[in-house]
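Chemist: Pasting a structure below so you can have a look.
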Amino acid sequence: MSQEIALQVNNLRVSYRAGEQAIPAVNDVSFSLYAGERLGIVGESGSGKTTLALALMRLHKPPAYILGGEAILGDGKDIMTLDREAMRQTRWSRLSLIPQGSMNSLNPVVKVKHQMADAIEAHERGWTRAHINKRISELLGRVGLPDSVAEMFPHELSGGMKQRVCIALAIVLEPSVIIADEPTSALDVVVQRVVMQTLNEVQQQLNAAMIIIGHDMGLMAQSADRLAVMYAGKMVEVSPIRSFFHDPQHPYSQLLISSLPSPEEQRELAGIPGSQPSLLELPSGCAFHPRCPVAEDRCKVDIPQLRFVRADRRVACHLVEEQPA
Amino acid sequence: MSYLSRRIIMFGIVVLLAATANFAIPRMAPGDPIGAVLEELRARGASTGGAAEQEIVAAYRARFGLDQPVFTQYIRFLVNTLRFDLGYSISYYPQKVESALLRALPWTVGLLAISTVISFAFGSFFGALMAWPRTPAAVNRFVPFFMVLSAVPYYLLGLILVYLFAFVMRLLPLGGAYSSGTIPTLDIDFLLDVIRHGILPALSILLTSVGFWALGMRGTMVTVLGEDYLTLAEAKGLSDRRVFFGYAMRNALLPQVTSLAIALGTVASGSVLVEVVFAYPGVGWLLYNALRSSDYYMVQGVAFFLILTVAVSVLVVDLIYPLLDPRIER
């Protein structure tokens with residue numbers, strides 16, 4: 001894995017307007033994404049994962065709006081400050097999306113071929129019709145679909161095939177960042193695995209960076225290089241995947257891991273007591289403190305910052321000691 | 001069975017049922033057509049009754065085939081109907097019903113079908129714009145305007161328009177399809193005259209129906225805008241124009257097209273009142289006059305013809321629909 005940065009997100013804040021109040025859905029999130037790596041983002045429903053993904057492509061819809069922060073691509077451009085036309089050009093050519101619920105992500109009345117071609121045409125690559133068609137059949141081949149799919153309509157495809165079309169579509173312009181928002185949540189486990197393999201293959205061939213959003217920890221363990229855990233709009237831990245599973249640092253991560261079944265040991269599965277706080281009335285200090293088994297007094301007052309506790313691990317918790325590598 | 005043959009068989013059944021109803025209903029009504037004519041003749045003092053009258057009645061019954069068994073009458077009626085032989089008009093005897101219909105038809109189609117299609121196109125586009133988030137806010141100020149207009153009956157608006165533009169301002173003719181005294185020809189002057197006569201009736205239909213299309217389109221468009229494929233279209237970096245027409249409108253139009261089929265089918269019957277208000281010599285005007293003069297055969301003919309137009313337009317849309325929506329099998 002190279003250390004070339006594909007996307008650097010700094011202090012990104014996205015809120016939903018609700019009357020007079022602003023609901024902080026993504027609250028001061030910063031992370032780096034390296035070329036060729038796969039960063040998993042996990043969190044409960046409502047923790048801000050999808051809002052983060054959409055905001056990175058500036059596809060968020062009102063009442064969501066971006067309060068501040070930057071998202072800098074490899075070429076130094078900040079996505080958050082691009083004008084409309086530059087943003088349009090950036091989408092898909094630099095950043096592409098594999099959407100949540102791909103079942104309905106394809107236009108039902110347009111052939112697959114044309115849905116792939118219009119992405120190319122929108123970016124004025126000056127390709128000939130023959131070149132575009134060749135590229136489409138090459139991409140379909142790469143995700144394991146026959147050429148004939150190009151002439152088909154979405155309703156003629158199975159769920160797994162549709163998801164493969166979405167993957168082929170996502171790499172049509174060879175972007176440097178691919179955002180996969182729960183790419184397999186609508187598929188059964190067998191298809192899930194194959195689709196995920198395909199996705200990982202094409203990502204490696206392109207050496208693109210990929211953000212995989214989801215709540216399936218098993219899938220993350222198989223696919224992601226690093227894992228970021230979101231809780232109530234904040235990132236609470238970012239770790240390489242192996243050390244995360246072996247030695248989670250944040251109390252929330254620890255509870256998350258102990259709630260997973262393990263083949264090695266038979267034990268009672270522990271849940272996490274309580275539920276995620278309302279974003280409208282976040283607890284003071286650390287948002288996790290009411291559910292945290294080890295919370296101290298300062299957790300109720302000070303908001304912990306995401307800081308390096310190891311050379312490659314960042315955790316937002318007062319109680320985690322920094323250890324020299 | 002293929003989609004096409006299913007549709008065509010369906011069409012055949014509808015036409016057959018319509019013809020049957022057309023045959024049955026007048027025969028279930030009390031009295032008979034000859035009696036009705038006699039009644040009229042007596043009222044005018046033209047008939048005195050007696051044996052001579054009985055003979056005349058019998059002759060006429062034979063002439064119209066009313067002395068035959070019902071089943072024979074039915075078969076004969078069906079054959080005639082299928083040959084588009086709708087019988088003689090009573091008021092304009094010996095004119096045939098179908099020739100009167102064919103003379104009225106171009107006016108109705110020209111006025112009503114064209115204004116319905118314009119209203120559909122304009123209303124759908126406007127409705128789509130109203131739902132589109134990047135439309136200037138000014139467009140949305142028209143929403144209440146459309147709502148009010150779509151609640152106004154078109155004949156009422158027609159009356160208001162006639163009063164204002166024809167009676168008070170005298171800008172446009174009061175009624176008719178062309179100036180009386182001119183002979184229908186295909187030259188520019190006549191065409192302009194027809195257009196001048198068509199403006200007010202067309203406007204009354206346009207203004208009252210455009211709101212219906214706009215509001216319907218706005219509704220489906222809002223639903224389509226929430227679909228995942230719209231997010232993906234935008235993520236692909238497509239231009240606004242491409243997303244609007246190719247993705248949003250393209251899908252939101254589908255239910256609108258179904259409504260258009262029904263609207264076109266009922267165009268002829270539904271706007272009888274417009275033709276009455278404007279004394280426009282179309283099918284509606286024909287029906288109105290036939291009803292007033294108890295011209296049974298004409299009423300029957302017009303009714304059958306209207307069912308036929310509905311069936312034809314539904315058939316046409318059924319045949320076009322698979323091209324618009326590939327999910328409907330051909």
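The values are calculated or read from the model by the stated rules, or taken from the named source; none is laboratory data. Computed from a prediction, not measured in an experiment: that's the story for all the values here. All Cβ positions, even for glycine, are placed from backbone atoms using ideal geometry, and neighbour counts span all protein chains on display.
Chemist: Just for region A:150-164: of the residues that are buried (at least 17 other Cβ atoms within 10 Å of the Cβ) and small (Gly, Ala, Ser), which one is modelled with the highest pLDDT?
Modeler: The residue in question is A:Ala150.
Chemist: Could you tell me how many of the residues in region A:191-246 are of a type outside the set (Val, Ile, Thr) and within 12 Å of the chain's Cα centre (by Cα)?
Modeler: Number of matching residues: 10.
Chemist: Inspect region B:242-261 for any residue being of a type in the set (A, V, I, L, M, F, W, C) and away from chain A (no Cβ under 14 Å) and give the result as yes or no.
Modeler: yes
Chemist: So which residues in region A:1-22 are crowded, with 19+ Cβ neighbours inside 10 Å and of a type in the set (A, V, I, L, M, F, W, C), if there are any at all?
Modeler: Residues satisfying the conditions are A:Ala6, A:Leu7, A:Val9, A:Leu12, A:Val14.
Chemist: Can A:Leu106 be described as within 12 Å of chain B (Cβ to nearest Cβ), in a strand (DSSP E or B), buried (at least 18 other Cβ atoms within 10 Å of the Cβ) and aliphatic (A, V, I, L, M)?
Modeler: Here the answer is no, as A:Leu106 does not meet what is asked.
Chemist: Can you list residue pairs whose Cβ atoms sit under 6 Å apart, with the first residue in region A:97-121 being closer than 20 Å to A:Ser137 by Cβ and the second being crowded, with 24+ Cβ neighbours inside 10 Å and among the charged types (D, E, K, R)? Count only pairs 6 or more apart in sequence or on different chains.
Modeler: Short answer, once both residue conditions are applied: A:Ala119/B:Lys236.
Chemist: Restricting attention to region B:211-241, and to residues there that are more than 12 Å from chain A (Cβ to nearest Cβ), surrounded by 22 or more Cβ atoms within 10 Å (Cβ to Cβ) and not hydrophobic (A, V, I, L, M, F, W, C), which single residue is nearest to A:Pro62 (Cα to Cα)?
Modeler: B:Arg218
Chemist: Would you mention how many residues in region A:290-322 are in contact with a Lys or Arg (Cβ under 6 Å, 6 or more places away or on another chain) and among the polar types (S, T, N, Q)?
Modeler: 0
Chemist: Ok, one more. Consider region A:201-215. How many of its residues are closer than 23 Å to A:Thr51 by Cα and surrounded by fewer than 21 Cβ atoms within 10 Å (Cβ to Cβ)?
Modeler: 1
Chemist: If you don't mind, another one. Have a look at A:His289, A:His246 and point out the one that is surrounded by fewer than 17 Cβ atoms within 10 Å (Cβ to Cβ) and either closer than 24 Å to A:Phe31 by Cα or of a type outside the set (S, T, N, Q) (or both).
Modeler: A:His246
Chemist: Being surrounded by fewer than 21 Cβ atoms within 10 Å (Cβ to Cβ) and touching a residue at least 40 places away in the same chain (Cβ under 8 Å) is the filter here, so list the residues in region A:175-193 that pass it.
Modeler: Matches in region A:175-193: A:Glu182, A:Ser185, A:Ala186.
Chemist: Can you tell me how many residues within region B:48-93 are closer than 25 Å to B:Leu16 by Cα, in a loop (DSSP other than H, G, I, E, B) and either over 27 Å from the mean Cα position of the chain (by Cα) or acidic (Asp, Glu) (or both)?
Modeler: So the count comes out to 7.
Chemist: In this structure, is A:Leu280 surrounded by 10 or more Cβ atoms within 10 Å (Cβ to Cβ) and either of a type outside the set (Phe, Trp, Tyr) or closer than 23 Å to A:Arg38 by Cβ (or both)?
Modeler: Spelling it out, A:Leu280 is indeed surrounded by 10 or more Cβ atoms within 10 Å (Cβ to Cβ) and either of a type outside the set (Phe, Trp, Tyr) or closer than 23 Å to A:Arg38 by Cβ (or both).
Chemist: So if I check each of B:Gly49, B:Gly123, B:Gly110, B:Gly87, which one is assigned by TED's automatic domain parsing to the domain that holds B:Val257 and at pLDDT below 85?
Modeler: B:Gly110
Chemist: Can you pull out the residues in region A:71-94 that are more than 8 Å from every other protein chain (Cβ to nearest Cβ), touching a strand residue (DSSP E or B) at 6+ places or on another chain (Cβ under 9 Å) and either within 27 Å of B:Val224 (Cβ to Cβ) or surrounded by 16 or more Cβ atoms within 10 Å (Cβ to Cβ) (or both)?
Modeler: The answer is A:Ala71, A:Ile72, A:Leu73, A:Gly74, A:Ile79, A:Met80, A:Arg94.
Chemist: Can you spot a residue in region A:44-61 that is among the charged types (D, E, K, R), surrounded by 17 or more Cβ atoms within 10 Å (Cβ to Cβ) and within 14 Å of another protein chain (Cβ to nearest Cβ)?
Modeler: For region A:44-61, residues among the charged types (D, E, K, R), surrounded by 17 or more Cβ atoms within 10 Å (Cβ to Cβ) and within 14 Å of another protein chain (Cβ to nearest Cβ): present.
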